[in-house]
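Working notes, structure below.
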Amino acid sequence: MQGNLPPEAQEKLEELQDLQETAQQVATQKQQAETQLQSAQTALDELDDMDEDSTMYREVGELLVKTEYDEAREDLEEKTENLEIRVETLTKQEERVREQFEDLQGELQQLLSGAGGGGPAGGPAPGPGGS
């Protein structure tokens, strides 16, 4: 069917496919950021229940390294803030992509209905002769 589409409609269809891929990538990135944010928030909640004199370790690559309570709290709070911003940015990007997709989909539908699609509702076929 794509071979029968007018060039402009074919172009819009390809743009739609690209936007769909972008939407999937953004959704995946957002899901990963939300998971990391939830993990950081859980760690902060656990930190609230701990005594400040508790021995703590943080993961650095393959190693566990001793760390101080204040340093751990500061790092987790910063990580949480950064991830909240990331999730918010990805949410806005997701909305923009969805709006672009819907607009482009509408444009494609207009092109296809205006092109006649080969049916009687589309009006007379341009150019001489039939098939």
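The values are calculated or read from the model by the stated rules, or taken from the named source; none is laboratory data. Please read all numbers here as calculations on a predicted model, not as lab measurements. Heads up, the Cβs are rebuilt from the backbone with ideal geometry, glycines too, and the neighbour counts pull from every protein chain shown.
Any residue in the stretch 49-66 that is touching a helix residue (DSSP H, G or I) at 6+ places or on another chain (Cβ under 7 Å), part of a helix (DSSP H, G or I) and not acidic (Asp, Glu)? No, the stretch 49-66 contains no residue that is touching a helix residue (DSSP H, G or I) at 6+ places or on another chain (Cβ under 7 Å), part of a helix (DSSP H, G or I) and not acidic (Asp, Glu).
Suppose the filter is within 25 Å of Gln17 (Cα to Cα), surrounded by 12 or more Cβ atoms within 10 Å (Cβ to Cβ) and modelled with pLDDT of 95 or more; does Leu90 pass it?
The answer is yes for Leu90.
For the stretch 23-42, the count of residues that are over 20 Å from the mean Cα position of the chain (by Cα), among the aliphatic types (A, V, I, L, M) and modelled with pLDDT of 95 or more is at least one.
Conditions (1) without any contact (Cβ under 8 Å) to a residue 12 or more places away in the chain; (2) assigned to a helix (DSSP H, G or I); (3) closer than 30 Å to Glu107 by Cα, marked per residue:
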| site | (1), (2), (3) |
| --- | --- |
| Leu16 | no, yes, yes |
| Ser39 | yes, yes, no |
| Glu46 | yes, yes, no |
| Glu74 | yes, yes, no |
| Arg86 | no, yes, no |
| Thr89 | yes, yes, yes |
| Gln93 | no, yes, yes |
